[in-house]
Amino acid sequence: MSLLKVSGLKVAYGGIQAVRGIDFHVDEGELICLIGANGAGKSSTLKGLMGLVKPHGDVQFAGERLHKLPTHAIAARGMALVPEGRGIFGRLTVAENLDMGAYLRNDREGIRADLARVYHLFPRLIERCKQLAGTLSGGEQQMLAIARALMGRPRLLLLDEPSMGLAPLMVQKIYETIGMIAAEGVTILLVEQNANLALQVSHRAYVMESGEITLSGASDELAKDSQVRAAYLGD
Ligand code: ATP
C-alpha cells in the first residue's frame, strides 16, 4: 500500500489554477521527485498536501484521508515540510531549532538518539550548535531545516527545492545527505527545478508542466528520455 496516494489534486489561487488535478503516489521507503520548470506548480502541490493552501481532490496518507485537516493535524500524522526559504527560527540557536523540531514528541530517549543522528548526518551543525540560526550560511540553514524536520521523526519528508540559491559544492553536500537519509529508510517527496540532481538521487519521478503531470517513470529511465533531456537536462 502507498504511504501517500494523491488523486485529482487541485490548488488554485483565486482564478489561477496552479495544480490542475494530478495523480501520484509515494510508497514507503521511496525517494520520489517532482521536477518541472519555475511556476509548474510543484511548490503548490507540497503546500496543498500540507494544508498550507486549500487543496481539492483526494489525499490518502498512511491509510487515512486528509480531507480538510489543518496543517498541525497533518504534521501530527507524520508529514513534515522543509519549505523553499527554509523557515528556520533565525533568533534561536541551532540547538533550539532542533528542539523545536521535536515539539510533538515526549520520548526523551528517542529524541536524544535522533539528535545524535542528525548531528551525525550534519556534523557542521554540532560546531554551530550555540550559534543563532540567522547567522548561518544558506547551506547551513538548509541543513538545519532538514535536520529540524527529521527531529519530528516524519513518516514522509517533503523537501522543496533544497538546492535553491546554494553554491555547487554545498548543493552536492546536501544531495549526498538526502541520499543518506533515504538510505536510512525515510520516505521522501522532493521538489526540484534542478532535474539532473533530482533524477540522480530519486527512485521514481513525475514531470510537472503548467499544473499537470505530463510524464512519470523510473528516474534512471526518465534521465535517458529524449523529451526530458531536451526540456530539463539542457540537451
Ligand atoms: P517555483 O519553482 O517557482 O516555486 P513551482 O513549480 O513550485 O515553481 P508554484 O510556486 O507552485 O510553482 O506556482 C504555480 C503557479 O501558481 C504559478 O503560476 C504561480 O505564479 C502561482 N502562485 C503560486 N503561489 C501563489 C500565490 N500565493 N498567489 C497567487 N498565485 C500563486
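What percent antiparallel are the DSSP beta bridges of the chain, to the nearest 5? Show your work: numbers first, answer last.
Numbers: 24 of 42 bridges.
So the antiparallel bridges amount to about 55 percent of the total.
Quick check on region 1-111: what are the equivalent-ellipsoid semi-axes from the Cα gyration tensor, as sqrt(5λ), descending, whole Å? It would help to have the intermediate numbers written out before the result.
Working: eigenvalues 140, 66, 36 Å².
Over the Cα atoms of region 1-111, the ellipsoid semi-axes are 26, 18, 13 Å.
With all protein chains present, how much of the accessible area of region 109-235 (probe radius 1.4 Å) comes from carbon and sulfur, to the nearest whole percent? Please report the intermediate quantities before stating the final value.
On the way: 2980 of 5770 Å².
Roughly 52 percent of what the probe reaches on region 109-235 is carbon or sulfur.
So, in the chain, how many Lys pairs have Cα atoms under 14 Å apart, if the pair is 8 or more places apart or on different chains? Numbers along the way, then the final one.
Working: Lys10/Lys42; Lys10/Lys47; Lys10/Lys54; Lys10/Lys68; Lys47/Lys68; Lys54/Lys68.
Close lysine pairs under the 14 Å cut-off: 6.
Does anyone have the angle between helix 108-121 and the longest principal axis of the chain? Alpha-carbon axes, 0 to 90°, nearest 10?
70 degrees
List, in order, the whole-Hz ³J(HN,Hα) value for each residue of region 35-49 obtained from phi through the Karplus relation with A = 6.51, B = -1.76, C = 1.60 and θ = phi - 60°; use x for Gly and Pro.
Computed from phi, the couplings for region 35-49 are 10, x, 6, 3, x, 6, x, 5, 5, 5, 4, 5, 5, x, 4 Hz.
Going by average Cβ density within 10 Å per residue, which order do the peptides 34-46, 217-229 take, highest to lowest? Mind dumping the intermediate values first?
Numbers: 34-46: 22.7, 217-229: 15.5.
Sorting 34-46, 217-229 by mean packing, highest first, produces 34-46, 217-229.
Any idea of the accessible area per residue across the chain, 1.4 Å probe, to the nearest Å²?
Ligands and nucleic acids excluded, the result is 47 Å² per residue.
Using θ = phi - 60° and the Karplus relation 6.51 cos²θ - 1.76 cosθ + 1.60, list the HN-Hα couplings for region 159-164 in order, rounded to whole Hz, with x at every Gly or Pro.
Along region 159-164, the couplings run 10, 9, 6, x, 8, 3 Hz.
Sort the following peptides by mean Cβ neighbour count (other Cβ atoms within 10 Å, averaged over residues), highest first: 160-172, 63-75, 193-205.
On the way: 160-172: 16.6, 63-75: 13.3, 193-205: 20.2.
Per-residue mean Cβ counts within 10 Å order the peptides as 193-205, 160-172, 63-75.
What angle do you read, to the nearest 10 degrees and between 0 and 90, between the alpha-carbon axis of helix 168-183 and the longest principal axis of the chain?
Here the helix axis deviates by roughly 90 degrees.
Given the C-alpha centroids of region 13-43 and region 176-204, what is the distance between them in whole angstrom?
Region 13-43 and region 176-204 have Cα centres separated by 15 Å.
Show the residues, 5+ positions off or on another chain, whose built amide H is closer than 5 Å to the amide H of Gly217.
Amide H to amide H, under 5 Å and 5 or more residues apart or across chains, Gly217 pairs with Ala205.
Using only the Cα atoms of the chain, each taken as one equal point scatterer with no solvent, compute I(q) by the Debye sum, divide by I(0), and report log10 of the ratio at q = 0.13, 0.16 Å⁻¹.
Values, matching the q order: -0.76, -1.15.
Please report the relative contact order for region 170-235, taking Cα pairs under 8 Å with a sequence separation of at least 6, and give it as a percent rounded to a whole number. Show your work: numbers first, answer last.
Numbers: 50 pairs, mean separation 15.6, N = 66.
Once normalised by length, the contact order is 24 percent.
Would you mind telling me which residue in Leu92, Leu144, Leu159 has the biggest mean-square fluctuation in a Gaussian network model of the chain, where springs connect alpha carbons within a distance under 10 angstrom?
Comparing Leu92, Leu144, Leu159 in a Gaussian network model of the chain, the most mobile one is Leu92.
How far apart, in nanometres, would the label points at Ser210 and Arg77 be if each is projected 7 angstrom from Cα along the Cα-to-Cβ direction?
So the two model labels end up 3.2 nm from each other.
If you add up the charges near Val82, with Lys and Arg at +1 and Asp and Glu at -1, over every other residue whose beta carbon is less than 12 angstrom from its beta carbon, what do you get? Can you show the working numbers first?
Working: positive: Arg86, Arg148; negative: Glu84, Asp160, Glu161.
Around Val82, the surrounding residues sum to -1.
The values are calculated or read from the model by the stated rules, or taken from the named source; none is laboratory data. These numbers come from a predicted model, not from an experiment. Please note: Cβ atoms are built from the backbone with ideal geometry, for glycine as well, and neighbour counts cover all protein chains shown. Calculation scope for accessible area: heavy atoms of the full protein, side chains included, ligands and nucleic acids excluded. Shrake-Rupley method; radii C 1.70, N 1.55, O 1.52, S 1.80 Å.
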